[in-house]
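One structure below.
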Amino acid sequence: MKYKSQKVAYWFFALSMLLLVLQLVYGFVMGFARIGFDNLHEIIPFNTARAVHTNLLVVWLLSGFMGAAYYIIPEEAQRELVSVKLAYVQLISLAVVGVIAIVGYHFNYWEGRKFLEIPRPLDFLVVANVLLFLGLILVTLFKGKRKTTTALVLSMGLLFAALLYLPGMLPFDSQVLDSFFRWWVVHLWVEGVWELIMGGILSFLLIKLTGVDREVIEKWLYVIVGITFLSGVLGTGHHYYYIGVNKIWLIVGGIFSALEPLAFLAMALFAVNMYRKGEKKHPNKLALYWTLGAAIVSFVGAGLLGFAHTLPQTNIYTHGTLVTAMHGHLAFWGAYGMIVLAIISYALPNLTGRKLYQSTRGRAAYWLSNIGMIGMTVAFGVAGVAQVYLERKFGMDFMEVQNEISIHFVVLILCASMFTFGVVLYIIDFYKHGKPNDEALELAE
Amino acid sequence: MLSKKQARAFFLGGTLVTFLIFIGLTVFSLSGPQDQSNEENITESVVRGKLIWEENNCMGCHTILGEGAYYAPELTKVIDRLNEKYDGQGEEVIKSILMSEVPWQPNGRKMVAYGMTEQEAQDMVEFFKWIGEIDLNGFDRIVSPIAKRRLNNQN
């Protein structure tokens, strides 16, 4: 690392890893409930497990993004963070709000709105926390010696992500409007501004790992995020087909969401091409694996599997079935999970001075988690397609269908075990790097 | 060849234009004759029902308007479906499930026992009735096999 204040990133990454492990635990609770082992029902009923599982996902990714920003912004702006103390305050308050929310879900303290279950009073704390974070990042950037495109795109993504949280706080009496504006948050996050964050991190990593000229990489970054918004904003329409709003969304959502895979395709081609072009052979191969992996898996998970059920003619049958879970898992893993693990893999050796680049454990973590996740996606997919045919086409009863497809959840749990094993190996590697220290300053890349 | 400046203009311009169109379509689709969200039939009871729906995170297992967690049945048109299964007693069945003090376990999959009052259960029924009357661009026929059959018989 080049600046002492970058060390704060380490603790955001550590929090991120802790929350990831907890997320997996609640995933298993749900998986077992689906095959009849709902023994924890009294303490953790399915709706609690589900809310915790998805919210932990959001928080570990956000913690990872924040860590990434605290690592990347000083290096791009060429100065220390404006206040390390406040960054730690922000870290602790993030963890505290997260813990209150998660504990609250076990005591019916929630809002019951998919992905945005955090109750209103806590929403305000989230807003305060994010404002503090943005303040630190933006002031550092504007006081910095240079304002690179990479830093601007990353900061813009974080700023818009904060702004877009607000429509989710509007109260509505109508379920339709509630749902409509909830997607302003959820869709415009994951298929919009989070892609800016992903693009910013990806661009930073490619500059560092491949040695390709910054100007070339950043030019293509603009093109990619341009395609993202061009398709993604109006692509929000694919959530509006069947929730009680006008048919105009069938046309608009259908056309623009069909274009959404292009942004991910561009991202994958961009990463692979820059890697081929690059003359620099950076020794941190693991970071390169995760970086290229994120670009490719996000194209498959978010792009292709999203496209598979995005057209209104298909979606009328798949809307509200396990097909969505299939797409959701590989998309989040590829686009956001892997990019967070990529920046951690890159930053850790620089923060701690321990260059564990060649570890077999690290490579095993990569392959086991990815193969496990692909297996999970296939299991969800088979279960989802079977559900569509039996329930939606042949009109069988919901629970009869669930019993028929429960075998796929046995497969899901086996693949999830493999995935978890990979993640645990990754975390062992994380731990083996030790804590960040100032001696690592001389070891800057 | 594309310059960085042009690339930036493409990004900023494209974003601005699509976002303005998005806002325009939102206003268009939610206003006047285009609105099909059944807004006019929301009663106080429906609003209370929605609040109960949220406070208990029903979406954490069920789906409604196709949104939720796929662990328990879709509840759009649930009254119609149960009416057919239980000789027109759909509303009563829903109320007894919601008021039960022991977990309802159809086919072994447990639902949390909410032990609601008669009034709360009635509010939920009103909420489901309101949901059932929304024009869902055809999705209602897919999730309600009864609606599908009825439609086929009419033709």
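The values are calculated or read from the model by the stated rules, or taken from the named source; none is laboratory data. Computed from a predicted model, the values in this text were never measured in an experiment. Backbone-built Cβ (ideal geometry, glycine too); neighbour counts: all protein chains shown.
General observations
- Test: residue A:123 is of a type in the set (Asp, Glu), over 19 Å from the mean Cα position of the chain (by Cα) and within 22 Å of residue A:91 (Cβ to Cβ): yes
- Count of region A:341-390 residues, restricted to those that are within 19 Å of the chain's Cα centre (by Cα) and not in a helix (DSSP H, G or I), is 0.
- Taking region A:266-287 as the range and being surrounded by fewer than 20 Cβ atoms within 10 Å (Cβ to Cβ) and assigned to a loop (DSSP other than H, G, I, E, B) as the test, the residues that pass are A:278, A:279, A:280, A:281, A:282, A:283.
- Whether a residue is within 8 Å of chain A (Cβ to nearest Cβ), in contact with a strand residue (DSSP E or B) (Cβ under 7 Å, 6 or more places away or on another chain) and buried (at least 21 other Cβ atoms within 10 Å of the Cβ) was assessed, and residue B:76 does not pass this test.
- When the test is whether a residue is buried (at least 23 other Cβ atoms within 10 Å of the Cβ) and farther than 21 Å from residue A:242 by Cβ, residue A:321 does not pass it.
- Taken together, the residues in region A:11-52 that are on the phi < 0 side of the Ramachandran plot, within 10 Å of another protein chain (Cβ to nearest Cβ) and either without any contact (Cβ under 8 Å) to a residue 24 or more places away in the chain or not hydroxyl-bearing (Ser, Thr, Tyr) (or both) amount to 13.
- Residues (within 14 Å of chain B (Cβ to nearest Cβ) and acidic (Asp, Glu)) located in region A:252-286: A:260
- Among the residues making up region A:210-251, those that are among the hydrophobic types (A, V, I, L, M, F, W, C), touching a residue at least 60 places away in the same chain (Cβ under 8 Å) and either facing chain B (nearest Cβ under 8 Å) or buried (at least 24 other Cβ atoms within 10 Å of the Cβ) (or both) are A:221, A:225, A:243, A:245, A:250.
- Residue match in region A:116-127 (condition: within 12 Å of another protein chain (Cβ to nearest Cβ), touching a residue at least 24 places away in the same chain (Cβ under 8 Å) and surrounded by fewer than 16 Cβ atoms within 10 Å (Cβ to Cβ)): yes
- All positions within region B:106-135 that are on the phi > 0 side of the Ramachandran plot and modelled with pLDDT under 95: B:107, B:108
- Those helices (runs of 4 or more DSSP H) lying entirely in region B:63-155 with at least 2 residues in contact (Cβ under 8 Å) with a residue 60 or more places away in the chain: B:78-85, B:118-132, B:139-143, B:145-154
One line per residue, one yes/no per condition, for (1) at the interface with another protein chain (Cβ under 9 Å from one of its Cβ atoms); (2) out of contact with any Ser or Thr (no Cβ under 7 Å at 6 or more places or on another chain); (3) in a helix (DSSP H, G or I):
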position: B:17; (1), (2), (3): yes, yes, yes
position: B:23; (1), (2), (3): no, yes, yes
position: B:28; (1), (2), (3): yes, yes, yes
position: B:37; (1), (2), (3): yes, no, no
position: B:48; (1), (2), (3): no, yes, yes
position: B:52; (1), (2), (3): no, yes, yes
